[in-house]
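Read the structure below first, then the notes.
What follows draws every value from the coordinates through simple rules; no lab data is involved. Being a predicted model, the structure only gives us computed values, none of them experimental. Every residue, glycine among them, receives a Cβ derived from its backbone with ideal geometry; neighbour counts consider all protein chains shown.
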Amino acid sequence: MSSTPDQATKDLADNWVKALTDIDLFIEISTEDCLVWHSADDKWVTVADAVAAVYERSGDGPIPTFVPVGITFTEKGFFNEATTEIEIGGQKTKLHLLQNVEVRDGKAARVREYIGPEMGVQP
């Protein structure tokens, strides 16, 4: 599934990783009509709404720290892997994220984000 990306896609992938620490950058590096889907709620939203939701969930606290794991280029764009820790039900939970980013003209055109918590189910 890996492919050789053009320079605009490489640059977008680099900026995508930067946006993990500067959430507002996602708005700048996405097309105006880009929609984002999250597995956590099964809804398509605008990038601006997705960014606002990060701030809303953070409340008065800091935005979660997203740790980049790696980029894999595809024919349509790239996959970005990252992890973060958030509090769920009063307990810290590590989340794994896989973002499937479709690229158009050097910007994110469609994003599907799959979110999975570490569950400790291994024997």
Here are several values of Cα Rg over 2.2 N^0.38 Å: (1) 1.06; (2) 1.32; (3) 1.24. Which one was derived from the coordinates shown? (1)
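In nm, what is the difference between 0.36 nm times the number of residues separating V45 and I86 and their Cα-Cα distance?
12.6 nm is the gain from fully extending V45 to I86.
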Nothing charged except the Cβ atoms of Lys and Arg (+1) and of Asp and Glu (-1): what's the magnitude of the dipole of the chain about its Cα centre? Round to the nearest 20 debye. 300
L98 and I27 label points (each 7 Å along its Cα→Cβ direction) are spaced in nm at 3.1
Note the full-extension length gain between T72 and V121 as 0.36 nm times their separation in residues minus their Cα-Cα distance, in nm to one decimal. 14.9 nm
So how tilted is helix 7-19 from the main axis of the chain? Cα-based, degrees 0 to 90, rounded to 10. 20
Helix-only [θ]222 nm of the chain, DSSP H runs n ≥ 4, -39500 (n - 2.57) each, per residue, nearest 500: -7000 deg cm²/dmol
